[in-house]
Amino acid sequence: MILGIETSCDETGVALYDSTHGLLGHALHTQAALHAEYGGVVPELASRDHIRRVLPLTREVLQQAKASLQEIDAVAYTAGPGLAGALLVGAGVAEGLAWSLDVPAIGIHHLEGHLLAPLLENPAPAFPFVALLVSGGHTQLMRVSAIGQYELLGETLDDAAGEAFDKTAQLLELGYPGGPQIARLAEQGQAGRVKLPRPMLHSHDLDFSFSGLKTAVMLQVKNRQLEAQARADVAAEFEAAIVDVLVAKSVEAVKRSDLERLVVAGGVGANISLRKKLSAAAARAGFSVFYPAPEFCTDNGAMIAFAAAMRLQHAPAKQAPRGSGNFSVRPRWDLSSLEAVSR
Ligand code: KG4
Ligand code: ZN
């Protein structure tokens with residue numbers, strides 16, 4: 001039974017995962033309202049709020065699961081990448097808790113958590129698969145051969161897809177986080193009425209670039225009072241532009257890898273238009289797509305507990321170190337540098 005703690009950015013997530021019975025409980029507090037007036041995450045405010053939330057959320061999860069602290073076999077936490085101060089809150093609590101319970105403390109890579117989250121679903125995708133990881137900080141296509149074997153196929157050269165949603169939402173004077181807000185406004189608009197570029201659609205590689213798209217939106221809205229319908233049309237065209245590129249490159253990545261499965265992970269993976277177009281394209285190309293439940297696309301504790309469970313299951317010989325006062329976090333941490341676990 002593994003307790004998972006996620007505090008890398010602006011969500012405090014806690015969950016309890018049992019390797020036999022699955023997810024026993026999970027709770028989340030989002031700081032969206034706290035950061036909304038600044039249009040983005042304020043790191044110091046994020047750290048302080050994690051401190052306030054993490055223990056009450058842990059109690060809530062234990063209650064949901066009707067479990068006691070003493071039943072926990074390991075404590076997992078996000079060790080990076082993310083905001084240093086925010087990471088330290090989760091790491092400190094997890095290491096201290098594990099130390100007091102005399103159980104292993106396991107630092108998990110945040111993106112490995114996102115990547116493996118689709119495996120919480122039933123049916124779970126089998127290895128190997130191509131993963132499209134689209135979050136606020138990352139846009140990557142990866143070949144996933146096993147736990148810990150992640151080969152980068154392509155990535156964004158500038159803004160991440162989620163970041164493009166957030167920045168464009170700011171230009172349209174929508175709130176933070178921008179993804180869900182743009183998606184909502186886009187429903188009232190029509191793509192194609194204004195024209196935005198599909199950056200790098202024909203670049204013959206698996207890389208992305210989204211910063212130009214944001215600039216193109218800026219030119220549409222600059223010095224102009226757009227009426228409601230025009231704003232909705234910009235939102236719809238923006239969403240369509242991002243989705244078109246993500247879909248085309250994902251299909252190409254699956255073809256080039258000669259694989260049959262695509263897994264979508266990260267916050268932008270909650271986008272309904274992306275899911276619709278990707279599923280349609282996959283049906284045409286003859287491969288299957290796997291998505292996490294929308295609540296496990298964005299940051300959460302379940303994916304951290306689950307990633308730790310997978311690592312412990314596949315590498316039982318390597319005893320994870322007990323919790324201690326001697327730990328560090330990695331605000332910058334390359335996913336492909338992770339160690340593979342033997343199967
Ligand atoms: O994975 P995540 O929760 O955090 C990071 O690890 O970055 O992703 C957050 C990002 C934000 O940029 C947010 O705007 C975007 O995911 N997002 C969405 C949607 N829900 C969240 N983007 C598009 N459509 C959505 N429905
Ligand atoms: Zn994330």
With Cα coordinates, the longest principal axis of the chain makes an angle with the long axis of helix 43-65, in degrees rounded to 10, of 60 degrees
Roughly what angle does helix 161-171 make with the longest principal axis of the chain, taking Cα atoms, 0 to 90 degrees, to the nearest 10? 60 degrees
Rounded, prolate or oblate: pick one for segment 127-291, where a ≥ b ≥ c are the square roots of the eigenvalues of its C-alpha gyration tensor, a/c under 1.5 means rounded, and failing that, prolate if a/b is larger than b/c, else oblate. prolate
Excluding residues fewer than 8 positions from Lys249 in its own chain, the aspartates and glutamates with Cα under 13 Å of it are Glu155, Asp205, Asp207
Roughly how tilted is helix 228-257, in degrees to the nearest 10 and between 0 and 90, from the longest Cα axis of the chain? 60 degrees
Ignoring everything but the protein chains, give the 1.4 Å probe accessible area of His29 in square angstrom, nearest 10. 50 Å²
Largest-first ordering by accessible area, 1.4 Å probe, given options Met218, Met142: Met218, Met142
Can you give the FRET efficiency for His204 and His21, using 1/(1 + (r/R0)^6), R0 = 41 Å, r = Cβ-Cβ distance, to the nearest 0.05? 0.30
Accessible area per residue of the chain at 1.4 Å probe, in Å²? 43 Å²
For segment 127-291, what % of the accessible area comes from carbon and sulfur atoms, probe 1.4 Å? 49 percent
Relative contact order [Cα under 8 Å, 6+ residues apart], segment 60-215, whole percent: 15 percent
For the chain, alpha-carbon Rg relative to the globular expectation (2.2 N^0.38 Å, N residues): 1.00
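The values are calculated or read from the model by the stated rules, or taken from the named source; none is laboratory data. Computed from a predicted model, the values in this text were never measured in an experiment. Every residue, glycine among them, receives a Cβ derived from its backbone with ideal geometry; neighbour counts consider all protein chains shown. With ligands, DNA and RNA removed, areas are computed over all heavy atoms of the protein, side chains included. Shrake-Rupley method; radii C 1.70, N 1.55, O 1.52, S 1.80 Å.
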